[in-house]
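**Student:** First the structure, which I've put down as structure tokens, then a few questions once you've had a look.
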Amino acid sequence: MCLGIPGKIIEITDTTRLMAMAEVSGVRREVSVAPIVTGALADVVGQWALIHVGFAMAVIDEEEAARTLDALRTLGEAQETLEAMADGDAALAGPTEVEGAA
Amino acid sequence: MKFSTEFRDPDAAKALLGEIARLCDDMGRSADNPLHIMEICGGHTHSIFRFGLDKLIHAGVEFIHGPGCPVCVLPMSRVDECVELAENPDVIFTTFGDAMRVPGTQKSLLQAKAAGADIRMVYSPLDALELARRNPDRQVVFFGLGFETTTPSTALSIQQAAREGLENFTVFCNHITVPEPIKALLDDPYMVLDGFIGPGHVSMVIGIHPYDFIAQDYKKPIAVAGFEPLDLLQSVLMVLRQIAAGEARVENQYARVVPEHGNPVSMAAIADVYERRPSFEWRGLGEIDASGLRIREKYRAYDAEEKFNIGYAAGPRKTPEVEGCDCGKVMTGRIKPTACPQFGKGCTPETPLGALMVSSEGACAAYWQYGGARGVAAAE
């Protein structure tokens, strides 16, 4: 939850709400780019960002993105984040079943 | 430790470890009188164990695991309040998955969900906003949890809800701040801390100046760090160099992500939406002054505590912690997880008694995952 994941901003999807499509480890996810917009909204397209719980929080360079993703994979956090994104998508569809509840 | 495969740059890691060892020897530090360096952030704790840094590093450095795991410091009373909110048939309760297995007095959120409560794990508060838009006849409550890293996400979501005039979206705010518990630990006469590894992603939001008091008032060095193993080793070295030179400054090892003054948009959103509570309860640490945030009056319609008259809005409250659990002592670095009588016996990741065993960022879960069996054997 606290470790962000690097994603590349692909395109702006909502100019009013400052939302954009990001590609995170091969998965596309709509995120808010509000925290990283300092000039024209279009300028964030093509940038790499650290994405925390759906918000692009810091612009990083491509090398930093690759290194961070490596470390996250080793920690098992990359997979955890991608699963959380899938959980989020499932949550919008309706109540979900509990697996392995005690 | 397989340097060649685990470390991106094994030679750099060896050089840093060598320099740390030389400084420790120079200062006469060994396993008998180590320097106590607290890594504040639970992500750092996880990384230290995953990469075995606690074993690779000179015995003159002992890592003390700090309170920087938001799931771990959540008191049972707050979990109980989550369950109460979630069991309201009008409510869709949304939460980060990390919080699902934290034990409450009676049950966890996972158990409440199994019993029929409409609890949904989401990735982002934006998912909860979307649920509110799609379910206008239901109340969508988002469990706002975390330090300054996640606080902007709920602040910006509340601002968005207000702009849209959404009437069925609220946040159950449990956001907490890093500097206040650190001050509480520094004021604790039983704590012996020689320096700090500062949290990277929290600092990305708030910058490095909120830690000035650590250096100026308490004369302790701190280096804000990234969470790759080389980042951590480098930041330990920065702290050691300061100690050796008799200095105390705030250094920024993670400047490639952490701006000196933080993220202005996030800081503005936090200031607009939140104010400090007089105090907030931490699991294991008790009430800490000004350590928690609440939603300001102007956004009251988005405050689940107000809307459902629960938590601090319902008056004074206190719940006991689990008996026999030494979470508090582990949290303050007084004992190692393996010294807790419940570690690996009553308390395992599958059946956690205390929250430190729940999250991968919790010290107990880290000990268990990366040496748990060894730790239990050693303790017996």
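**Student:** Please verify whether the range B:231-245 includes one or more residues that are within 14 Å of chain A (Cβ to nearest Cβ) and polar (S, T, N, Q).
**Tutor:** Checked against the condition, which is being within 14 Å of chain A (Cβ to nearest Cβ) and polar (S, T, N, Q), the range B:231-245 yields at least one hit.
**Student:** Right, here's the next one. Within the range A:1-19, restricting attention to residues that are farther than 30 Å from residue B:44 by Cβ and under 13 Å from the mean Cα position of the chain (by Cα), which residue is farthest from the other protein chains (Cβ to nearest Cβ)?
**Tutor:** Filtering first and then ranking leaves A:10.
**Student:** Restricting attention to the range B:203-222, does a residue exist that is out of contact with any strand residue (DSSP E or B) (no Cβ under 7 Å at 6 or more places or on another chain), farther than 23 Å from residue B:152 by Cβ, in contact (Cβ under 8 Å) with a residue 40 or more places away in the chain and surrounded by fewer than 23 Cβ atoms within 10 Å (Cβ to Cβ)?
**Tutor:** Among the residues of the range B:203-222, not one is out of contact with any strand residue (DSSP E or B) (no Cβ under 7 Å at 6 or more places or on another chain), farther than 23 Å from residue B:152 by Cβ, in contact (Cβ under 8 Å) with a residue 40 or more places away in the chain and surrounded by fewer than 23 Cβ atoms within 10 Å (Cβ to Cβ), which makes the answer no.
Residue-by-condition table, conditions (1) surrounded by 19 or more Cβ atoms within 10 Å (Cβ to Cβ); (2) under 17 Å from residue A:97 (Cα atoms):
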residue	(1), (2)
B:90	no, no
B:103	yes, no
B:113	yes, yes
B:122	yes, yes
B:128	yes, no
B:135	no, no
B:140	yes, no
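**Student:** Here is a follow-up. Residues in the range B:271-286: is at least one buried (at least 23 other Cβ atoms within 10 Å of the Cβ) and farther than 30 Å from residue B:142 by Cα?
**Tutor:** no
**Student:** Something else: Give the residues of the range B:45-72 that are touching a Pro at 6+ places or on another chain (Cβ under 7 Å) and either assigned to a strand (DSSP E or B) or within 11 Å of chain A (Cβ to nearest Cβ) (or both), sorted by residue number. Write out each step before concluding.
**Tutor:** As a first pass, look at the range B:45-72 and keep what is touching a Pro at 6+ places or on another chain (Cβ under 7 Å): B:47, B:51, B:53, B:59-62, B:67-68.
Listed by number, the residues that qualify are B:47, B:51, B:61, B:62, B:67, B:68.
**Student:** Something else about it: Quick one: is residue A:33 hydrophobic (A, V, I, L, M, F, W, C), surrounded by 13 or more Cβ atoms within 10 Å (Cβ to Cβ) and more than 9 Å from chain B (Cβ to nearest Cβ)?
**Tutor:** Judged against the criteria, residue A:33 is a match.
**Student:** Quick one: residue B:163 ticks every box in (1) under 25 Å from residue A:24 (Cβ atoms); (2) over 18 Å from the mean Cα position of the chain (by Cα); (3) more than 7 Å from chain A (Cβ to nearest Cβ) bar one, so which box is it?
**Tutor:** In the conditions (1) under 25 Å from residue A:24 (Cβ atoms); (2) over 18 Å from the mean Cα position of the chain (by Cα); (3) more than 7 Å from chain A (Cβ to nearest Cβ), residue B:163 misses (1) alone.
**Student:** Let me ask something else about it. For residues that are surrounded by 20 or more Cβ atoms within 10 Å (Cβ to Cβ) and in a helix (DSSP H, G or I), scanning just the range B:24-42, find the one that is modelled with the highest pLDDT.
**Tutor:** B:24
**Student:** Do we have residue B:45 as buried (at least 24 other Cβ atoms within 10 Å of the Cβ), at pLDDT below 95 and within 26 Å of residue B:366 (Cα to Cα) here? Quick ask: steps written out before the conclusion?
**Tutor:** Numbers: buried (at least 24 other Cβ atoms within 10 Å of the Cβ): yes; at pLDDT below 95: yes; within 26 Å of residue B:366 (Cα to Cα): yes.
So residue B:45 fits the description; yes.
**Student:** Are there strands (runs of 3 or more DSSP E) fully within the range B:178-289 with at least 2 residues that are among the hydrophobic types (A, V, I, L, M, F, W, C)? List them.
**Tutor:** Output list reads B:195-198, B:222-224, B:279-282.
The values are calculated or read from the model by the stated rules, or taken from the named source; none is laboratory data. Bear in mind the structure is a predicted one, so any value in this text is a computation, not a measurement. Here the Cβ is made from the backbone with ideal geometry for all residues, glycine too, and neighbour counts use every protein chain on show.
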